[in-house]
Amino acid sequence: MSDRLACLAAAAILAACSAPSRPSADDVDNGMETVPAAEPRPAEPPAPGPRGGLAEDRTPVAEPPFTATSAQGAANIVQTYYALLEEGRPAEARRLWSGAGEASGMSEAAFAASFGRYGEYRARIGAPGAIEGAAGSLYVEVPVELYGRLKSGELFRRKATVTLRRINDVPGSSAEDRRWHIRTIEEAAAR
């Protein structure tokens, strides 16, 4: 019988040692620090191919130096745009839209406020499409996968297509006209 009591006592001691302790009011008053709850893990994008991810394309991408007027130059503008948004610099990001931001359809204040609900805002930029021309302008589309976390803690993921425009190298066009600018961003429905 004493062996049984010894086993029960040992089990009680082990249970007390392994149970998470909660600070009492006396502990808090005595300066005992509590450990804050763990932060949620950063949002991760889905792998290419699955629903919500960018198209899966295993073709190796040649990355020679590119010019600012190439399709990759346009994709670089998209990458810069989303990097500025991730860094909390919406005014600078808005200026990458055509018309010094006017093509966004929002004032600078409204544009900044439109990102206020995000706690974490990230983007994965896909390979640009082919450059197409029309009426003295060049256009290129760049696929984007947006993901992150709302301030409420909810994760979000959606796809978008960014269309960029630049004026052809024609007489009378300015250097600014001949740079890529965001013309539109079409986002798929949030999920």
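For this structure, a couple of remarks:
- Reported count of residues in segment 103-130, each being surrounded by fewer than 17 Cβ atoms within 10 Å (Cβ to Cβ), touching a strand residue (DSSP E or B) at 6+ places or on another chain (Cβ under 6 Å) and more than 16 Å from residue 146 (Cβ to Cβ), is 1.
- Verdict on residue 141 being more than 25 Å from residue 69 (Cβ to Cβ), assigned to a strand (DSSP E or B) and among the acidic types (Asp, Glu): no
- Checking the stated criteria, residue 66 turns out not to satisfy the condition of being over 15 Å from the mean Cα position of the chain (by Cα), of a type in the set (A, V, I, L, M, F, W, C) and either open to solvent by less than 40 Å² (accessible area, probe 1.4 Å) or modelled with pLDDT of 95 or more (or both).
- Taken over segment 98-141, the criterion of being of a type in the set (D, E, K, R) and free of Cβ contacts under 8 Å to residues at least 24 places away in the same chain is satisfied by 102, 108, 132, 141.
- Looking only at segment 142-186, and only at residues there that are open to solvent by less than 80 Å² (accessible area, probe 1.4 Å) and without any contact (Cβ under 8 Å) to a residue 24 or more places away in the chain, the one that is nearest to residue 82 (Cα to Cα): 177
The values are calculated or read from the model by the stated rules, or taken from the named source; none is laboratory data. These figures come from a predicted structure and were not determined experimentally. In this analysis, Cβ positions are derived from the backbone assuming ideal geometry, glycine residues included, and neighbour counts consider all displayed protein chains. Just so you know, the surface numbers come from the protein's heavy atoms only, side chains and all, with ligands and any DNA or RNA stripped out. Shrake-Rupley method; radii C 1.70, N 1.55, O 1.52, S 1.80 Å.
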